[in-house]
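Engineer: Below: one structure in structure tokens.
The values are calculated or read from the model by the stated rules, or taken from the named source; none is laboratory data. What you see is a predicted model, and the numbers here were worked out from it, not measured in a lab. Here Cβ is always computed from backbone atoms with ideal geometry, including for glycine, and neighbour counts include all displayed protein chains. Only protein heavy atoms, including side chains, enter the accessible area calculation; ligands, DNA and RNA are left aside. Shrake-Rupley method; radii C 1.70, N 1.55, O 1.52, S 1.80 Å.
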Amino acid sequence: MTSETKTRSLTLMSALAVRGAFENGILPAFQAETGIQVVPEWTPTTVIMSKIAAGERADVVVVIVDSMDRLVEQGKVDPASRVELAHSRLGLAVPPGAAHPDISTVEAFTKALLGARSVAYSKGGASGIYFQKLIETLGIADAINAKATAIPAGFTAEKLLTGEADMAVQQVSELMVVPTVEIIGKFPEEVQQVTSFSAAIMRGISNTAAAERLIASLTGDRAAIAYRASGVDPIIG
């Protein structure tokens, strides 16, 4: 029996944007084929980076590209194992059955935000950090923040189901994780932010062969189908 087959679990720290693709396609297939269980921790990239800086480790890590660049520079991941996964775009969601306001232009998008009773966004996620800068640029920060539902981390669309907010901002793939909420659409391209995600193996782990198999499962045709179904665009090549 090889060391790989002896390895029955891997730990994964991953940004939220790929959770839908991982949970609904990639990880179940990997686990069924290899018998290796993946123990994931889903949290924003900013939180992952703080945890790694504090000494926490996982076998495989998935974060936004510039954060992965920093992990490579710091020698905390194996650069040879790095793969580029997907591009993610920001969108808006509303509760089940709610009206879908027009957000096709920047003007309409701004009007929709101002018309919401409360907009939910994540302070710790890349989407929320960008959103806070965007509403400053649009000149509506005071109006939005006066009635915002800001969460430290997690899925903003959950606040639509509790009634705490009637509009949620996040990566489209993250909004789609919450059942029954309705996606209005993506931000207009003029104010859109495309976030890209990478995966790599952390240095010093004991189960490298199993981690390499997991990394291999995160790209390719089957993974691409899972990414598209979850609302992100696979990086090809």
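Engineer: Taking the conditions exactly as written (outside any loop (DSSP other than H, G, I, E, B), in contact (Cβ under 8 Å) with a residue 24 or more places away in the chain and open to solvent by 60 Å² or more (accessible area, probe 1.4 Å)), does GLU212 satisfy them or not?
Structural biologist: Taking the combined requirement at face value, the residue satisfies it.
Engineer: Here's another thing I want to ask about it. With the checklist (1) buried (at least 20 other Cβ atoms within 10 Å of the Cβ); (2) over 23 Å from SER230 (Cβ atoms) in hand, flag the one item SER104 doesn't pass.
Structural biologist: Going through (1) buried (at least 20 other Cβ atoms within 10 Å of the Cβ); (2) over 23 Å from SER230 (Cβ atoms) one by one, SER104 breaks only (1).
Engineer: Residue pairs, Cβ under 9 Å, 6 or more apart or interchain, first in the stretch 218-234 and at pLDDT below 95 and part of a helix (DSSP H, G or I), second surrounded by 14 or more Cβ atoms within 10 Å (Cβ to Cβ) and among the hydroxyl-bearing types (Ser, Thr, Tyr). List them.
Structural biologist: SER230/SER173
Engineer: Still on this structure, please answer the following. So which of LYS111, LYS147, LYS123 is more than 21 Å from THR45 (Cβ to Cβ), open to solvent by 60 Å² or more (accessible area, probe 1.4 Å) and touching a strand residue (DSSP E or B) at 6+ places or on another chain (Cβ under 8 Å)? Step through it out loud before you land on a result.
Structural biologist: Working: LYS111 fails: touching a strand residue (DSSP E or B) at 6+ places or on another chain (Cβ under 8 Å); LYS123 fails: more than 21 Å from THR45 (Cβ to Cβ).
Checking each option against the conditions leaves just LYS147.
Engineer: Would you check which residues across the stretch 180-205 are in contact with a Pro (Cβ under 9 Å, 6 or more places away or on another chain), assigned to a loop (DSSP other than H, G, I, E, B) and surrounded by fewer than 17 Cβ atoms within 10 Å (Cβ to Cβ) and list them? Full working, then the answer.
Structural biologist: Taking the stretch 180-205 and keeping what is in contact with a Pro (Cβ under 9 Å, 6 or more places away or on another chain), we get 180-182, 184, 200.
Then keep just the ones that are assigned to a loop (DSSP other than H, G, I, E, B); that gives 180-181.
Within the stretch 180-205, just THR180 meets the criteria.
Engineer: Which helices (runs of 4 or more DSSP H) sit wholly inside the stretch 5-95 and have at least 1 residues that are open to solvent by 60 Å² or more (accessible area, probe 1.4 Å) and basic (Lys, Arg)? Don't jump to the end; show me each part of the working.
Structural biologist: Values: elements: 27-34, 45-53, 65-73.
In the stretch 5-95, 65-73 are the helices (runs of 4 or more DSSP H) which contain 1 or more residues that are open to solvent by 60 Å² or more (accessible area, probe 1.4 Å) and basic (Lys, Arg).
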